[in-house]
Amino acid sequence: MPKSGRSRPVRGAGRTSSRLIGPAWDAPSPFAAPLAPYAASDATSRGRRYAEPAHPYRSAFQRDRDRVLHSGAFRRLVYKTQVFVNHEGDLYRTRLTHSLEVAQIGRTVAGRLGLNQDLVEAICLAHDLGHTPFGHSGQDALNHCMRPWGGFEHNLQSLRVVEELEERYLAFPGLNLTFETREGILKHCAPGNAAGLGELGERFIARRQPGLEAQLANLADEIAYNNHDVDDGLRAGLLTVEELAAVGLFRRHHAGVRRLRARPGRRVLIHEIVRRMINEVVTDLVATSLHNLAAAAPGSIEDVRVRARPLVGFSTRIAAEHRELKAFLRHGLYRHERVLAMNRQARHVIGALFGLFMDDARAMPAAQAARAARQARRYGAAARARVVADYIAGMTDRYAVAAYRRLVDPRLDW
Ligand code: MG
């Protein structure tokens with residue numbers, strides 16, 4: 001439960017503050033603001049579902065970050081598609097490199113806003129743990145298969161991974177992360193689902209905001225994928241520099257780089273533009289959020305949570321430019337024929353595996369088959385289907401392809 005709503009500036013993180021270890025080398029970065037009163041801290045945390053003693057030299061959020069990093073679901077992100085299927089090329093973003101870029105942007109901004117960098121990092125690293133193989137087409141396919149049994153949503157699945165599916169502790173299921181990290185992982189939630197999520201679901205019903213670290217992680221995700229999808233789309237040849245010049249943010253930095261050198265090499269030109277776009281958007285996010293925070297002057301994280309509107313955000317101009325870029329990517333990249341062809345293949349693989357495991361749970365490994373039988377006995381068909389969905393969602397792209405070849409059709413060409 002929340003301790004008091006009283007604001008008090010907290011340096012370090014409660015009882016496990018770095019001051020306990022004390023030497024000069026852990027002084028805060030000169031570029032990072034001290035932890036602000038509205039930041040999350042050990043002292044004001046709503047804590048974990050299963051009580052645990054504090055660690056002697058790691059804050060609660062450092063431990064959350066470390067637990068995510070050591071989880072099996074995190075390691076599997078390396079072979080999960082962001083937009084391009086993993087084996088299409090070694091340089092494309094995967095869910096893992098995407099998550100690392102999100103965490104980097106999140107930490108940088110958190111430092112400037114006086115927010116809890118470790119919490120932001122934990123949320124960013126965990127935010128995509130629930131993604132299926134094959135990116136959004138995988139999620140759409142699994143959602144379609146699961147429609148009679150409550151559907152499938154990757155964001156809710158990320159929460160399931162950290163609350164239930166990771167098996168690493170004797171004392172509890174999942175990773176037993178703090179409320180603040182789980183609050184950040186659950187970015188959005190339909191009101192129908194929110195009712196079943198206890199205190200995590202309350203804000204979606206009351207239309208309130210999460211803590212600032214969660215607000216920031218959400219935007220860091222957006223900044224990372226918008227910009228790296230430009231880079232990956234150009235690399236794949238699905239987008240061209242000329243087409244992208246239709247987008248204001250890109251056009252401005254393209255012109256800026258060309259003013260410095262008339263004919264830069266293509267790779268350098270692209271990297272310079274993407275780097276400058278990220279820098280401008282991030283700098284705007286810092287300035288606008290600092291302005292919002294100064295105007296609202298929240299005294300604590302609870303003060304942030306009772307608001308109807310987020311305080312971390314872009315200026316009107318950058319928000320509009322970001323939307324323009326997003327719309328361009330939706331048409332030019334996500335609906336490109338080559339991406340759509342991959343999506344069709346992905347839907348077919350996911351649909352076939354789901355049908356197969358629903359017909360015969362023993363086609364899954366023994367542990368999943370036993371769990372499916374147990375859940376069916378206790379809770380019925382929907383619980384059994386959820387076990388199948390959990391198993392498929394946990395697959396990497398290449399694991400899913402191998403399973404399809406072994407169980408359905410060895411001739412799959414992918
Ligand atoms: Mg993401």
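The values are calculated or read from the model by the stated rules, or taken from the named source; none is laboratory data. What you are looking at is a predicted structure, and each value in this text was computed from that prediction instead of being measured. Note that we place each Cβ from the backbone using ideal geometry, even for glycine, and neighbour counts take in every protein chain shown. Note: accessible area is taken over every heavy atom of the protein model, side chains too, but ligands, DNA and RNA are not part of it. Shrake-Rupley method; radii C 1.70, N 1.55, O 1.52, S 1.80 Å.
Oblate is the label for the chain, because a/c, from the alpha-carbon gyration tensor with a ≥ b ≥ c as root eigenvalues, is 1.5 or above and a/b does not exceed b/c.
Can you give me the C-alpha center-to-center distance between the stretch 134-159 and the stretch 176-206, rounded to a whole angstrom? The stretch 134-159 and the stretch 176-206 have Cα centres spaced 18 Å from each other. What you get for the stretch 93-213, charging only the Cβ of Lys and Arg (+1) and of Asp and Glu (-1), is a dipole of about 320 debye around the Cα centre.
Placing a label point 7 Å from the Cα of Ala341 along the Cα-to-Cβ direction, the residues of the stretch 374-414 whose backbone N falls under 15 Å of that point are 413-414. Taking every C-alpha pair closer than 8 Å and separated by at least 6 residues, the mean separation divided by the residue count of the stretch 338-407 gives a relative contact order of 33 percent. Distance between the pseudo-spin-label points of Arg49 and Val268 (7 Å out from Cα toward the beta carbon): 5.3 nm. Computed from the C-beta positions of Leu170 and Leu69, the FRET efficiency with R₀ = 30 Å rounds to 0.90.
Subtracting the Cα-Cα distance of Glu280 and Arg259 from 0.36 nm times their residue separation leaves 5.8 nm of extension gain.
Solvent exposure of the chain amounts to 47 Å² per residue of accessible area, where only protein heavy atoms count and the probe is 1.4 Å. Extension gain for His348 to Arg309 (0.36 nm times residue separation, less C-alpha to C-alpha distance): 10.0 nm. Here each label is just a point 7 Å from Cα along the line to Cβ, and for Ala382 and Arg207 those points are 2.7 nm apart.
Taking the 1.4 Å solvent-accessible surface of the stretch 289-414 as the whole, the part contributed by carbon and sulfur is 53%. When the chain is described by a simple charge dipole with +1 on each Lys and Arg Cβ and -1 on each Asp and Glu Cβ, the residue from Thr396, Leu170, Gly72 located farthest towards its positive end is Leu170. For the Cα trace of the stretch 338-407, dividing Rg by the Kirkwood Rh returns an Rg/Rh value of 1.02. Across all Cα pairs in the stretch 96-151, the calculated P(r) in 10 Å bins from zero up to the longest distance comes to 24, 34, 23, 17, 2 percent per bin. Summing +1 for each Lys or Arg and -1 for each Asp or Glu among the other residues whose beta-carbon sits under 13 angstrom from that of Ser158 gives -2.
For a label point 7 angstrom out from the Cα of Leu290 toward its Cβ, which stretches of the stretch 216-246 have the backbone nitrogen within less than 18 Å? Within reach of a label on Leu290, which here means backbone N under 18 Å from a point 7 Å along Cα→Cβ, the stretch 216-246 contributes 216. Per residue, the average separation of C-alpha pairs within less than 8 Å and at least 6 apart gives the chain a relative contact order of 19 percent.
Considering only Phe152, Phe74, Phe31, give the residue with the highest GNM mean-square fluctuation for the chain, with springs between Cα atoms whenever their separation is below 10 Å. Taking springs between Cα atoms under 10 Å, the residue moving most is Phe31.
Helix-derived [θ] at 222 nm for the chain: sum -39500 (n - 2.57) over DSSP H runs of at least 4, divide by residue count, nearest 500?
The per-residue figure over the chain is -17500 deg cm²/dmol.
From largest accessible area down, sort Ile205, Ile123; use a 1.4 Å probe on the protein chains.
Ile205, Ile123
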